[in-house]
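Report on one structure; see the data block that follows.
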Amino acid sequence: MGLYQQLAERGALHWLFPSSSTSFRQKLSHYLSLTLGGEHKLDDVAEHFAMSRATLIRKLKQEGTAYREVLVEVR
């Protein structure tokens, strides 16, 4: 099985070829939808995206949304 196919099956191909048009909200929604059974603690999600809790909140605020809104939408 090829590397790209394995990444695509795991939903991680976008990490190699990120789209500049993908908003952080979309990336967050995608991640949350892949881990529906999880607790989705804000600190854990921020760690997944390699940023602090404050930075995650700030990035979402710049896009006019909040973490809780994205989480409710995905659930």
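Can you pull out the chymotrypsin sites (Phe, Trp or Tyr not before Pro) in the range 1-56 that DSSP calls coil and that have at most 15 other Cβ atoms within 10 Å?
Working: sites: Tyr4, Trp15, Phe24, Tyr31, Phe49; in loops: Phe49.
Here the chymotrypsin sites (Phe, Trp or Tyr not before Pro) that fit, given the DSSP loop and packing criteria, are Phe49.
Treating only the Cβ of Lys, Arg, Asp and Glu as charged (+1, +1, -1, -1), what charge dipole size does the chain show about its Cα centre? Round to the nearest 20 debye. Numbers along the way, then the final one.
Numbers: 10 positive and 8 negative charges, 45 e Å.
The dipole magnitude comes to about 220 debye.
Identify the GluC sites (Glu not before Pro) of the chain meeting these criteria: DSSP loop state and at most 15 other C-beta atoms within 10 Å of the C-beta. Please list the in-between numbers first.
Details: sites: Glu9, Glu39, Glu47, Glu63, Glu69, Glu73; in loops: Glu39, Glu63.
Of the GluC sites (Glu not before Pro), the ones in loops of the chain whose Cβ has at most 15 other Cβ atoms within 10 Å are Glu39, Glu63.
Remind me, relative contact order of the chain in percent, using alpha carbon pairs under 8 angstrom and six or more residues apart?
34 percent.
Farthest toward the dipole's positive end in the range 21-74, which of Ala66, His30, Val45, given Cβ charges of +1 (Lys, Arg) and -1 (Asp, Glu) about the Cα centre?
Ala66
For a quick size check, give me the Cα extents of the chain along its three principal axes, largest first, whole Å.
39, 28, 21
Bear in mind these aren't lab numbers, they're just calculated from the coordinates by the rules spelled out. The structure presented is a predicted model; accordingly, all values stated were derived computationally and were not measured. Every residue, glycine as well, gets a Cβ built from its backbone with ideal geometry; the counts of neighbours run over all protein chains shown.
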